[in-house]
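Participant: Here you go, one structure.
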């Protein structure tokens, strides 16, 4: 499976997980904005290059990418001003947000075999 296909599955798994939490703010892969698809693709690339890294390292990589793109912390995800409530250290994330990094890791590991 190629990187974009894995990223699509990761995105949809994350979307389904968020729906289960009552968060319907995530668009399907087809309707997701380019910045969101790019983030998933870069996350897959990073995970493939760092298969043994813990989920916390995946989050730190995501933070670095977002920082490079000009994102900062904000109480609500707002792409227009590039703010995100998960723009904190992994240890500061609520447990349900930490699960998203673990889910992403498992999907990449499973599909890249």
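Throughout, read-outs are computed from the coordinates displayed, never taken from laboratory work. All values reported here derive from a predicted model rather than from experimental measurement. Cβ coordinates were reconstructed from backbone atoms using ideal geometry, including for glycine residues, and neighbour counts include every protein chain displayed.
Participant: Hey, can you rank 2-8, 34-40 by average C-beta count inside 10 Å, highest first?
Facilitator: So the order, starting with the most tightly packed, is 2-8, 34-40.
Participant: With 10 Å bins from zero, work out the P(r) of the chain over every alpha carbon pair and list the percent per bin.
Facilitator: Calculated P(r), rounded to whole percents: 14, 49, 35, 2.
Participant: Further, regarding this structure: Rounded to the nearest 500 deg cm²/dmol, what is the calculated helix-only ellipticity per residue at 222 nm for the chain, with -39500 (n - 2.57) per DSSP H run of length n ≥ 4?
Facilitator: Counting only the DSSP helices, I get -19000 deg cm²/dmol.
Participant: So if I take the alpha carbon set of the range 15-70, get Rg, then get Rh from the Kirkwood formula, what is the Rg over Rh ratio?
Facilitator: Rg/Rh for the range 15-70 comes to 1.00.
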